[in-house]
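Asker: If you scroll down you'll find the structure; I have some questions about it.
All of the numbers you see were taken from the coordinates with simple rules; none came from a lab. Computed from a predicted structure; not experimentally measured. Cβ atoms come from the backbone with ideal geometry, glycine included; neighbour counts cover every protein chain shown.
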């Protein structure tokens, strides 16, 4: 019997795996990004505005992405296909969106105006990043009735220059610079920032309205001419302020600018923040306060008061009445300055100053020449050198620095001087000087002993020298026989400084 024929067993072909449906989230993202960049290149979308919107609404991107993944999942189930997972690329995308969104949100909460001011960044630098600069000119003119006695100028960003008008009009020349994506946007911002003059009784207001364009950069420079006999108040946040020729009081509040005031018959008051000031030819009193860089005050017939933080130098010249200076390091007062005074973080130089002189400071080299009247001085970590033109009562307390005092050779005075870790030298033979190993002292009287000189020093020496009075200008005459000139008290502000 023949054996049956055996046929080989056929192995069934493997079923090909069912492919995942391709995700349409990626192409959709590319389309959206392409539209955004196209609108930006066509200046139809502001990059700055886009950043603001992203900082607020970036969680919507996660919601949209989640909705797309949910739609894809449901579509795969209907087609009987295995659903796609998030994948490594999706996880990285979520992390990227969350990190960028949180950074944008935090950045939107910063006060970028203060950061820009502290870093001295010009708005033109920012304008060039996200747009172009457009210039506009304008002109205002208004007759001022005799009843109007004062003008206030408000300009948040821009220079303000005020001069004397030849007539009874206020004339304003406006030069404006606007950062915008297009000319149409610039025209719209220009229309919303037109300067206006508000008339209210005896006090008028000129407003530059630089905030009328919202967050968009607008810089408005104002050149203003008004009658000379008007009081003036200027409030400017960023930009220089200049006033020339005024028969009235001047007040300026300024930040981050150079302030100049000249030829004023009246009082001048400056409240400044990180600004520099130059004041000349003022018949009234001058008061300067705040946080300042360089300060120069000259030719003032009234009193001068400076109080605040002075980061750089202070120069005073020819102040006819009381001079007061206050900071966290230095407190000084003179009855007048006929010469010059220069003050910085390390040195104080002054010549032709009249007392009573009160000076308290630290870590400075002090040089006072041609001093008249009483002197009361305290210093540490610096030397003291004083040359008297007309001797009054003198008291010097110093530490860690030599003390040198020049006294007119014909003056009458008595001395009580003491030092530790130093020696005493004297050109006056009438004084008794005792120099020991650790201490030294000098006592005695010269002439009629009308003045009293007291010197206390530590860790350095004392030198009392004769100063010839020949060639020195005579001291200022008193206002009445036997009485020193009386100075008006200067206003005092509660502002402390950290440098000068």
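Asker: Zone of residue 132 (label point 7 Å along Cα→Cβ, backbone N under 19 Å): which residues in the stretch 185-212?
Answerer: Counting backbone N atoms under 19 Å from the label point, the list is 185-191.
Asker: What distance in nm separates the two pseudo spin-label positions at residue 39 and residue 140, each 7 Å out from Cα along the beta-carbon direction?
Answerer: Between residue 39 and residue 140, the simple spin-label model gives 3.7 nm.
Asker: Which order results if 386, 95, 226 are arranged by neighbouring Cβ count within 10 Å, fewest first?
Answerer: In order of increasing Cβ crowding within 10 Å: 95, 386, 226.
Asker: Quickly work out the residue 318-to-residue 52 label distance, labels modelled 7 Å from Cα along the C-beta direction, and quote it in nm with one decimal.
Answerer: Calculated label separation equals 5.2 nm.
Asker: Among DSSP beta bridges lying fully in the stretch 128-284, give the percent that are antiparallel, nearest 5.
Answerer: The antiparallel fraction comes to roughly 35 percent.
Asker: In whole Å, how far is the Cα centre of the stretch 376-415 from that of the stretch 217-267?
Answerer: About 42 Å separates the Cα centre of the stretch 376-415 from the one of the stretch 217-267.
Asker: Still on this structure: If I take R0 = 35 Å and measure r between the Cβ atoms of residue 263 and residue 191 in this structure, what FRET efficiency does the formula 1/(1 + (r/R0)^6) give, to the nearest 0.05?
Answerer: The value I calculate is 0.40.
Asker: What is the distance in Å between the Cα centres of the stretch 281-332 and the stretch 136-188?
Answerer: Value for the Cα centre distance between the two parts: 31 Å.
Asker: Given a Förster distance of 56 Å, report the FRET efficiency between residue 211 and residue 92 from their Cβ-Cβ distance, rounded to the nearest 0.05.
Answerer: Working from the Cβ atoms, E equals 0.85.
Asker: Okay, next question. Could you work out the relative contact order of the stretch 170-293, using alpha carbon pairs under 8 angstrom and six or more residues apart, expressed as a whole percent?
Answerer: 17
Asker: What list do you get for 402, 137 if you sort them by fewest beta carbons within 10 Å?
Answerer: Ordered from fewest to most neighbouring Cβ atoms within 10 Å, 402, 137 come out as 137, 402.
Asker: Please arrange 399, 321 by how many other C-beta atoms lie within 10 Å of their C-beta, fewest to most.
Answerer: In increasing order of surrounding Cβ atoms, one gets 399, 321.
Asker: Could you work out how far apart the two model spin labels at residue 62 and residue 200 are, taking each label as a point 7 Å from the Cα in the direction of the beta carbon, and quote it in nm?
Answerer: For the pair residue 62/residue 200, the computed spacing is 4.9 nm.
Asker: Which FRET efficiency value, to the nearest 0.05, do you get for residue 247 and residue 381 by plugging their Cβ-Cβ distance into 1/(1 + (r/R0)^6) with R0 = 41 Å?
Answerer: FRET efficiency, residue 247 to residue 381: 0.30.
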